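Accompanying notes for the structure given below.
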Ligand code: PA5
């Protein structure tokens with residue numbers, strides 16, 4: 001696998017005793033890790049309770065997705081994903097990583113691949129603006145919702161459905177919409193059946209934020225020209241490394257243990273994900289949801305109140321060196337920083353010697369921008385380590401579908417294992433569900449519970465004692 005994990009800079013030898021971990025401390029977790037591997041990870045995997053582990057091996061699904069993707073590609077110039085959270089962030093990050101950076105802007109850059117847009121908000125300006133620039137006759141919409149009831153996604157579906165029905169007639173519907181949802185439950189499934197939409201399943205045992213390698217992520221990727229077989233092969237390869245019960249040899253378990261120990265023993269309550277690559281910038285966004293929703297939990301598995309979780313922060317190197325790094329270096333020492341380095345960029349951009357009148361700039365010339373970016377990473381890592389700020393580095397040899405599949409898989413296993421260390425359920429999201437219920441209630445859904453919820457929210461809004469400051 002073309003991925004390396006360097007954890008030197010979380011050790012006391014690099015960042016001092018107060019902020020760093022001793023090797024003994026890390027290795028001390030080995031027994032617990034081996035136990036968790038047997039009694040937790042293997043159990044949830046082999047019982048089929050948690051399904052993401054085995055997704056890389058689902059060849060039948062990959063074939064089905066590739067077939068549907070070929071049909072869709074012959075039928076559109078634009079592919080629009082309607083989804084939110086786990087039904088949007090995976091498709092976005094894979095697209096940014098593996099397609100031309102300006103894919104949607106330039107037909108030469110994207111070749112025969114359709115444009116891809118992901119509508120992941122209820123913002124009316126976002127939706128109206130998209131309608132301004134797409135041709136409904138040449139667009140396919142992929143409605144993605146596991147529950148099939150999420151208000152943001154279902155309302156988007158209604159808006160675009162009405163547009164297509166009124167402009168292309170009801171007959172156009174089945175050609176223009178594809179649904180990715182639960183096999184049998186939810187409103188989206190019912191509507192898909194009613195209107196004869198092509199559908200792809202989201203397995204019951206795979207939660208939204210772990211679903212990139214289900215049809216949720218695979219269809220948008222395949223439609224926009226990503227080789228999903230290679231993506232899955234990379235994840236399968238990473239599965240080997242991440243199935244090792246030995247903590248010190250399993251990168252996912254090891255980084256989970258590092259985060260857990262730094263959080264609980266050293267007060268590092270923030271996890272920064274900072275790739276030095278624009279192609280990887282949205283991986284930080286995807287990771288942010290994965291880490292936050294999975295680990296941010298009030299109760300442990302025994303029902304004790306523990307308020308677990310680290311706050312994930314996304315950053316981009318070198319851009320955020322000029323925005324965040326001052327804080328990381330000199331502000332509260334409450335973070336662990338995850339750098340991602342790309343060894344070989346897919347494109348070259350050498351820095352030419354053009355300003356003869358200014359020899360002071362000569363030292364910057366002659367090398368490649370990729371070299372400069374990696375020096376910036378090395379320099380930032382050095383400076384943060386000097387300031388006793390714990391950090392780890394993932395190095396990927398090149399941005400390829402295999403490496404992206406591998407990296408995402410690694411972070412998923414890391415998150416599942418961290419859930420085991422914290423003793424929480426990493427696979428539910430009661431806090432999100434609560435917000436969904438309140439939104440539905442405010443929108444006027446009429447069950448008894450909704451009415452009560454709506455009354456509570458209205459009372460809360462009215463109950464604010466201090467008037468807002470008029471600006
Ligand atoms: O990870 C999760 O479970 C959530 O972020 C969901 O993906 C998100 O709330 C969207 O849910 P659904 O796919 O049911 O529309």
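Assorted remarks:
- Residue in the range 78-92 that is farther than 30 Å from residue 203 by Cβ and part of a helix (DSSP H, G or I) present: no
- Flag: residue 105 does not match the condition of being under 25 Å from residue 288 (Cβ atoms) and away from the ligand (no atom under 16 Å from the Cβ).
- Complete set of residues in the range 218-241 that are away from the ligand (no atom under 16 Å from the Cβ), in contact with a strand residue (DSSP E or B) (Cβ under 8 Å, 6 or more places away or on another chain) and part of a helix (DSSP H, G or I): 223, 238
- Flag if residue 174 is under 18 Å from residue 222 (Cα atoms) and over 23 Å from the mean Cα position of the chain (by Cα): no
- Residue identified as within 16 Å of the ligand (Cβ to nearest atom) and modelled with pLDDT of 95 or more among 61, 68, 98, 82: 82
- If the condition is being within 16 Å of residue 206 (Cβ to Cβ) and free of Cβ contacts under 8 Å to residues at least 60 places away in the same chain, then the range 150-187 contributes 181, 182, 183, 184, 185, 186.
- Any helices (runs of 4 or more DSSP H) falling wholly within the range 366-445 and containing at least 2 residues that are within 16 Å of the ligand (Cβ to nearest atom): 401-422, 430-442
- One residue from 340, 306 being surrounded by 11 or more Cβ atoms within 10 Å (Cβ to Cβ) and farther than 23 Å from residue 285 by Cβ: 306
- Selection status of residue 410, outside the structural domain of residue 153 (by TED's automatic domain parsing) and under 29 Å from residue 55 (Cα atoms): yes
- Residues of the range 42-66 classified as part of a helix (DSSP H, G or I) and in contact (Cβ under 8 Å) with a residue 24 or more places away in the chain, total: 11
- Selection within the range 73-98 - farther than 16 Å from residue 408 by Cβ and in contact with a strand residue (DSSP E or B) (Cβ under 9 Å, 6 or more places away or on another chain): 73, 75, 76, 77, 78, 79, 80, 81, 82, 83, 84
- Test result for residue 269, more than 20 Å from residue 405 (Cα to Cα) and either touching a residue at least 40 places away in the same chain (Cβ under 8 Å) or outside the structural domain of residue 18 (by TED's automatic domain parsing) (or both): yes
- Enumeration of residues in the range 102-134 that are within 24 Å of residue 163 (Cα to Cα) and surrounded by fewer than 10 Cβ atoms within 10 Å (Cβ to Cβ): 124, 125, 132
- Some residue of the range 291-300 being within 16 Å of the ligand (Cβ to nearest atom), free of Cβ contacts under 8 Å to residues at least 24 places away in the same chain and surrounded by fewer than 23 Cβ atoms within 10 Å (Cβ to Cβ): yes
- Selection status of residue 198, in contact with a strand residue (DSSP E or B) (Cβ under 8 Å, 6 or more places away or on another chain), within 18 Å of residue 90 (Cα to Cα) and buried (at least 16 other Cβ atoms within 10 Å of the Cβ): no
- Helices (runs of 4 or more DSSP H) enclosed by the range 143-217 - at least 1 residues per element that are within 11 Å of the ligand (Cβ to nearest atom) and farther than 25 Å from residue 291 by Cα: 151-168, 187-195
The values are calculated or read from the model by the stated rules, or taken from the named source; none is laboratory data. Owing to the predicted nature of the structure, the values given are computational and were not obtained by experimental measurement. Note that each Cβ is placed from the backbone with ideal geometry, even for glycine, and that neighbours are counted across all protein chains shown.
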